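A.B. asks: Sharing a structure with you now.
The values are calculated or read from the model by the stated rules, or taken from the named source; none is laboratory data. The structure presented is a predicted model; accordingly, all values stated were derived computationally and were not measured. Here the Cβ positions follow ideal geometry from the backbone for every residue, glycine too, while neighbour counts run over all protein chains shown.
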Amino acid sequence: MRWKDATWNVFVCIATVALSSFTTEMRAERTSGQDGPKSKLQPSLCLSRCLLLLVATLSLPLLILPTPFVRPVAGVVFLATLCFGFVRHFIPYWDERMKRKGVTGRDMHKPLPAPVLSEGMGLVSAFVFVLAAVASQVLLKNDDKKLVEYNAGLLSITLMTFLGFADDLLELPWRAKMLTPLVASVPLLVAYTGRTTILLPDWVFPFVDSLAAFPALLEQSLSVWISPATVALRTFWASVVDSTGALYSHLFASGLLSRVGMFPEEFSFPSLLASLFASFTAFLQTFSSSLSGLLTGYCLLPTASPTEALAFAAPLPIPSSPASLLSSLDTRDSHDAPGPFSAPGPGLAAAWLTTADAFDLQRNDMRLHSPSDSIPAGSTVGWGTGPPVVVDLGAFYYVYMALLTVFCTNAINIYAGINGLEVGQSVVMSFFVIVHNVVEITNNWLPGNASTEATLVWRQNYFSLILSLFFFASSLGLLSFNWYPSQVFVGDTYTCFAGIYFAVVGILGHFSRTLLLLFLPQLLNFLLSIPQLFGLVACPRHRTPRYNAATGKLESSGNLTLINLILTVAGPMTERKLLIVLIALQLCSCSAGLLIRYSSGIYMLFL
């Protein structure tokens, strides 16, 4: 029965998209015939390619999700297909009106005369997306809590889209662009009622303890190290002065500094050596005390075992004569007590548990097991074998969500500049978000009395899946006009819309860390752009590559972006080839991100 439902839904999806797209293009041809030589805007991507991508993506949840999800998701798929058709239908309509109002820009990467294209076409995609998202609220009618978050997310998306369109009209500076997402994130943060906790695997907790204990450890270590070191330096300088004076007196008394420039026969080398050795012995005594204080501080570190602590706390032996020093060097055995450079002892967990208890970190209150299973202080625990650890970030989680909103919005905005890149990267990332949502729903869906945690996970991902299907379909309709050679400019309207969408689904879907794995090229581009974004280097409004009219290729403009870096490394290339390279890079990085996400080694980091 499930396969019959899925097949029927796929057929309805294909028929709806084909019918809407066919009607749109027939009307465009009829209008162009009536207008004579003036032709309507034509898509850059043909309908067959768009249909192939759309059907493959929208069929994925219908074929993989458990049976109870097939029918409700089929309604979402139906609305998503309408999104695609409406976007393809309305873009030519709005293109004329934008050009009539002068909201246009020149494509500087084309031969002269540069074509004039309409700006801000991302507004059409965002408008259709919001309408479909509002219509789909019937799927959440029994969950008032989710409805509040759902509407708050839509409000944040609407606000950010408006701010992006204002940027297209007013040309806001870069510093204003960095802060405007905070305004749009306010409804999302106010309505957020989810958890402020994160789960960490057991083996990560020693590093968390290290961060918690670091201030007290630093204060204690400095108090132990600085005072002996100061005394050692003072004593060493005094011993150097005394030794120099004694050496000068001895050399003068022995006649070495007399007017005869040769060694006298009565010159005593043993007495000179004894004087120098006395100075060296005084230095070793003071240095030993300072080193003992330093190694005492080292004993507080988690990598020091109790055996090492005893060995480090003991002062260094000071030889009584040069002969005893040489004897100690000759008779030194490699099997002595462990020192600073010996192999670390096995007492990592035990020593650190003692230190953690001293700093009152209260590890046992943060574990996901009963109080009877608490770990006594001082006992040795095998890290990585216990349950995951819950860390409650509290108010800092809201700060993290606000910063994530700023990053996602600006990451797509600054990773742009050639035809199709803004929408292309967003379509690729939204596809992998859909894949992640489908996998999480399938893995956590349990019929009957499912656990509360599993139910929470699939509900969060189901919410994200609804918005992601709408976003993918509406963006694909826009991409058909924005692919190289572009017929419209999406403007900052779309980049802000796409960025806030990813922030909303990542926060309300509670997979923000997984989302960052899909933003690897954007993260690299952001790190490269920091000097220009923060005013350390001159930053023009458009940091796009430079077009060489003689070769017809794009060259690096010297701005700090990933696009210019690729052109610098790989050499000049055409805009179409560069677009394909960047989309392929996005595909590979997103695939690697999901592989990292579901790898057994670090899976617990993304719970």
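A.B. asks: Right, G102: among the small types (G, A, S), over 24 Å from P545 (Cβ atoms) and surrounded by fewer than 19 Cβ atoms within 10 Å (Cβ to Cβ) or not? Steps first, please.
C.D. replies: Values: among the small types (G, A, S): yes; over 24 Å from P545 (Cβ atoms): yes; surrounded by fewer than 19 Cβ atoms within 10 Å (Cβ to Cβ): yes.
Yes.
A.B. asks: One residue is enough: does segment 48-68 have a residue meeting the conditions modelled with pLDDT of 90 or more and of a type in the set (G, A, S)?
C.D. replies: yes
A.B. asks: Further question on the same structure: Kindly indicate whether P113 is modelled with pLDDT under 90 and more than 37 Å from the chain's Cα centre (by Cα). Write out each step before concluding.
C.D. replies: Working: modelled with pLDDT under 90: yes; more than 37 Å from the chain's Cα centre (by Cα): yes.
It is true that P113 is modelled with pLDDT under 90 and more than 37 Å from the chain's Cα centre (by Cα).
A.B. asks: Taking the condition in the same structural domain as Q460 (by TED's automatic domain parsing) and not in a helix (DSSP H, G or I), does L123 pass? Walk me through it before giving the result.
C.D. replies: Values: in the same structural domain as Q460 (by TED's automatic domain parsing): yes; not in a helix (DSSP H, G or I): no.
Spelling it out, it is not the case that L123 is in the same structural domain as Q460 (by TED's automatic domain parsing) and not in a helix (DSSP H, G or I).
A.B. asks: Another question, if that's okay. Hey, D95 hits all of (1) within 25 Å of R459 (Cα to Cα); (2) at pLDDT 90 or above; (3) not aliphatic (A, V, I, L, M) but one; which does it fall short on?
C.D. replies: Failing condition for D95: (1).
A.B. asks: Now, a different point. Select from segment 545-565 the residues that are β-branched (V, I, T) and crowded, with 18+ Cβ neighbours inside 10 Å and write down the one among them that is nearest to Y484 (Cα to Cα). Don't jump to the end; show me each part of the working.
C.D. replies: Of segment 545-565, the ones β-branched (V, I, T) are 551, 561, 563.
Right, trim to crowded, with 18+ Cβ neighbours inside 10 Å and you get 561, 563.
Values: T561: 20, I563: 16 Å.
Going through the qualifying residues, I end up with I563.
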